[in-house]
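Shown next, in structure tokens, is the structure this report addresses.
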Amino acid sequence: MRTLKVLSALLTYPTPELAAAGAELRAVLDREAVLPKRERAAVDALIADLATHDMYDAQERYILLFDRTRSLSLHLFEHVHGESRDRGQAMVDLIKVYEEGGFTPTTAELPDFLPLFLEYAATRAPAEAIELIGQPGHVFAAVRERLAKRSSPYEAIFAALTALSRTKLDAAALAALRAEPDPEPDDLEALDAAWEEEEVTFGPGSAAAAAACGTDVLAAKLRQAGRPAPGLEPPPGQRPRTIVTHRTAR
């Protein structure tokens, strides 16, 4: 499902190459025509925004949103495991899934980086891809609400993912994510508090927290995704980036 590659590309750090790729991205969306009309219009608006926005402003906006604000992190396991040791094992499991699926990441990002996860999902058969993106559906819904609160055009990506997955969200799991702190990027004191090191937890307590938000389910489903996949080209404008960028808020 190459629509997921488009969504992946749009979630990467803005570059002139990405801004210039609007026609190509829209052509892929036109060919597959899997996005509902409202979600497609919102994605088109994001593509137009990136094409017309001052590049330095677009890059600064991206950093403030996704690198500096923990509640908007594009690292999926950040929203459930935080800094606990469970996150490390989840990373190992996800790397193994990529390897078994014949998927070789083209960046130095951590395996739970959402654009990378979407690249992998894009290599799977449509039914499997939809099932995969449905597993972190609670995270997508929570991040979408936070972006909507900020009137961010990036909300379109998470609305599209929610529409594609057709996931029935668990109210309790979503409420747990909504209860997390969501400071603005210019509130340095609140950001520092949000990025405070969490207590490392072990045993059923931490596992239950992960399961509540669907992450353990995600890992289980991903382990089933072992069929060979074709090679994948990097999405337009993607460049290697590392997680350390957004840790400067500490």
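The values are calculated or read from the model by the stated rules, or taken from the named source; none is laboratory data. The structure presented is a predicted model; accordingly, all values stated were derived computationally and were not measured. As a convention, Cβ positions derive from the backbone with ideal geometry for all residues, glycine included, and neighbour counts pool all protein chains shown.
Data for the structure
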item: Residue that is nearest to residue 144 (Cα to Cα) [pool: residues in region 74-99 that are modelled with pLDDT under 80 and in a loop (DSSP other than H, G, I, E, B)]; result: 80
item: Subset of region 1-27 (residues that are part of a helix (DSSP H, G or I), crowded, with 17+ Cβ neighbours inside 10 Å and not charged (D, E, K, R)); result: 3, 4, 6, 7, 8, 9, 10, 18, 19, 22, 25
item: Yes/no for residue 179 being in contact (Cβ under 8 Å) with a residue 24 or more places away in the chain and over 14 Å from the mean Cα position of the chain (by Cα); result: no
item: Region 29-50, residues that are loosely packed, with under 15 Cβ neighbours inside 10 Å and among the hydrophobic types (A, V, I, L, M, F, W, C); result: 33, 41, 45, 48
item: Residue within region 56-75 that is within 21 Å of residue 126 (Cβ to Cβ), in contact (Cβ under 8 Å) with a residue 12 or more places away in the chain and of a type in the set (D, E, K, R) present; result: no
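Yes/no per residue for (1) out of contact with any Ser or Thr (no Cβ under 8 Å at 6 or more places or on another chain); (2) closer than 25 Å to residue 38 by Cβ; (3) crowded, with 23+ Cβ neighbours inside 10 Å; (4) not β-branched (Val, Ile, Thr):
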residue	(1), (2), (3), (4)
93	yes, no, no, yes
116	no, no, yes, yes
130	no, yes, no, no
139	yes, yes, yes, no
153	yes, yes, no, yes
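Residue by residue, here is whether (1) under 22 Å from residue 57 (Cβ atoms); (2) touching a Gly at 6+ places or on another chain (Cβ under 9 Å); (3) touching a residue at least 24 places away in the same chain (Cβ under 8 Å) holds:
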position	(1), (2), (3)
119	no, no, yes
127	no, no, no
135	no, yes, yes
141	no, no, yes
147	yes, no, yes
152	yes, no, yes
156	yes, no, yes
